Structures are given as C-alpha cells and as structure tokens.
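Taken together, the values in this text are just the output of simple stated rules run on the coordinates, not laboratory data. What you see is a predicted model, and the numbers here were worked out from it, not measured in a lab. Cβ placement follows ideal geometry from the backbone for every residue including glycine, while neighbour counts extend to all protein chains displayed.
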Amino acid sequence: VTLFHVLHHFGGLVLLLQFSHTIFADAGRVISNDTASVAIACTKLISATAATFMVDKVGRKPLILLGGLLSFLSNLAIGGYFYAQEYMALEVSSYSFIPVVAAAILLFAFNIGLVSIPVVLTGELFSPDVKAMSSCMIGVFGGVLGAISGKMYLIIVRSWGLGHTVPFLSFAIVALLSISIILYLLPETKGKNLAEIQRILAK
C-alpha cells in the first residue's frame, strides 16, 4: 500500500495536479487554465466512477496493470515532448496538444485503479485491530512524500534548470518499476476474506 503512495507522488499524478498551469504554459498552452481545470475534474469524475463499477468485476490486478501501463506511456509522452522542446530545440508548438492529452490519460490511469484500489486494499489486507494505526501511518508517509516530491520538482525544473524532461521521464521509470513490484507481490484479493489473503501472503 505504501508503494502506491510512492507511485502517486513520484509517478506524476500529484505533481501534475499541483503544477498543471506551469506545465501546460511551458508546453505552449492550447487551452485556457479554466478549460484545463474543467477537463481535469471531468476526467477524474469519469475515471473514478468507472473504477467503482469495475474494481469488483475485473479484479484489482488487471486495473493496476492497466493504470500502470497508461501512466508509464503518458509520462513517457510528456517527457518526450519536453525533451524535443528543451534539449533538441525543435519547434513543437504544433504538437502542444500531446502533453494535454497525455495528462488527461495519466489522470484517467491513476483514477481508474491506482488511487481507488489502495483504499480497497487497506480494508482487505489489514486486520481490524491494526487498520486504524496502519491507515494513519500510511497517511503520514504520503504527506512526507508529497512535501519531498514537490520540493524536488521545483529544484529540478527551476533551480537546476533541467526543465520538465527529467521529472517526467523519471516518473515513467518509477511507474514501470512500481507497478512491476506491486503486481509481483500483491495477490488478487477479489472475493477473498482476510484469512484467505493472509494465507496467500504467508506462502
């Protein structure tokens, strides 16, 4: 569950939401800030609603795999766009829709499973006597990661002048590695009770 929080903060989601105006402006904005905000809200609503209906029908791991692959490809697309703009000095304004579309896909990818499933897993993997403490510790851990990731992003982009390329390509790598580890370690919990899940984890 904590690895999901690493993915949230170092896989592009939280920083995209925090710095979306700056990212879109540097990309050569093709939509206004208001339109971007509405698009983000609609994407989150649609994907979260879809996840609600799909999580028990298709299982946790397929949604994690789908979200992970989409987040990897989305970060790669945004990083590739900025690499062409910042490091190759190419004229990419005609393709400024790419980071916008990729950002929407990234939001969809996280909300379809990578945000909602950790909440479900917290209820399934922890016994009632430790669930409250575990949730508290996970929340604190997420807050610390949020502070670190936000500061690091600003240092890399502004202080070091490396632009958005390095963060987003790093996000792609983090997404790929995190999802690979999660899928390897996490059993499918669909339709299983706590005792069954603990027996699987003990093997």
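Using the Kyte-Doolittle scale, which helices in the chain average at least -1.0 and also have C-alpha atoms spread 27 Å or more along the helix axis, with helices defined as whole DSSP H runs?
Values: long enough: 33-58 (36 Å, 0.80); 60-86 (38 Å, 0.69); 128-154 (40 Å, 0.93); 165-185 (30 Å, 2.31).
Passing helices, by number: 33-58, 60-86, 128-154, 165-185.
By the scheme Lys and Arg +1, Asp and Glu -1, what is the net charge of all other residues having a beta-carbon under 12 Å from that of Gly191? Write down the numbers at each step before the final one.
Details: positive: Lys57, Arg60, Lys190, Lys192; negative: Asp56, Glu124, Glu188, Glu196.
Summing Lys/Arg as +1 and Asp/Glu as -1 gives 0.
Holding the Cα-Cα limit at 22 Å, pick out from Lys131/Lys190; Lys131/Lys151; Lys131/Lys192 the pairs that are longer than that. Write down the numbers at each step before the final one.
Working: Lys131/Lys190 19 Å; Lys131/Lys151 30 Å; Lys131/Lys192 17 Å.
Pairs exceeding the cut-off: Lys131/Lys151.
For the stretch 39-150, what's the relative contact order in percent, using C-alpha pairs closer than 8 Å and at least 6 residues apart?
37 percent
So what is the relative contact order of the chain, in percent, for Cα pairs below 8 Å that sit 6 or more residues apart? Mind showing how you got there, number by number?
Values: 215 pairs, mean separation 78.1, N = 203.
Reported as a whole number, the value is 38 percent.
Do any chymotrypsin sites (Phe, Trp or Tyr not before Pro) in the stretch 77-151 lie in a loop, going by DSSP, with at most 15 other beta-carbon atoms within 10 Å of their beta carbon, and if so which? Show your work: numbers first, answer last.
Details: sites: Tyr81, Phe82, Tyr83, Tyr87, Tyr95, Phe97, Phe108, Phe110, Phe126, Phe141; in loops: Tyr87, Phe126.
For chymotrypsin sites (Phe, Trp or Tyr not before Pro) across the stretch 77-151 that sit outside H, G, I, E and B with at most 15 neighbouring Cβ atoms in 10 Å, the list reads Tyr87.
To the nearest 20 debye, what charge dipole does the chain have about its Cα centre, counting +1 at the Cβ of each Lys and Arg and -1 at the Cβ of each Asp and Glu? Please report the intermediate quantities before stating the final value.
Details: 12 positive and 9 negative charges, 91 e Å.
Once rounded to the nearest 20, the dipole reads 440 debye.
Could you tell me which of Gln198, Phe24, Leu70 has its Cα farthest along the dipole of the stretch 2-202 towards the positive end, charges placed at Cβ (Lys, Arg +1; Asp, Glu -1), taken about the Cα centre?
Checking the options against the dipole of the stretch 2-202, the answer is Gln198.
Which of the trypsin sites (Lys or Arg not before Pro) found in the stretch 117-194 are loop residues per DSSP with 15 or fewer other Cβ atoms within 10 Å of their Cβ? Walk me through the numbers before you get to the answer.
On the way: sites: Lys131, Lys151, Arg158, Lys190, Lys192; in loops: Lys190, Lys192.
Of the trypsin sites (Lys or Arg not before Pro), the ones in loops of the stretch 117-194 whose Cβ has at most 15 other Cβ atoms within 10 Å are Lys190, Lys192.
Across 5 Å bins from 0, what is the distribution of all Cα-Cα pair distances for the chain, in whole percents?
Values per bin, smallest distances first: 1, 7, 15, 18, 19, 15, 10, 7, 4, 2, 1, 0.
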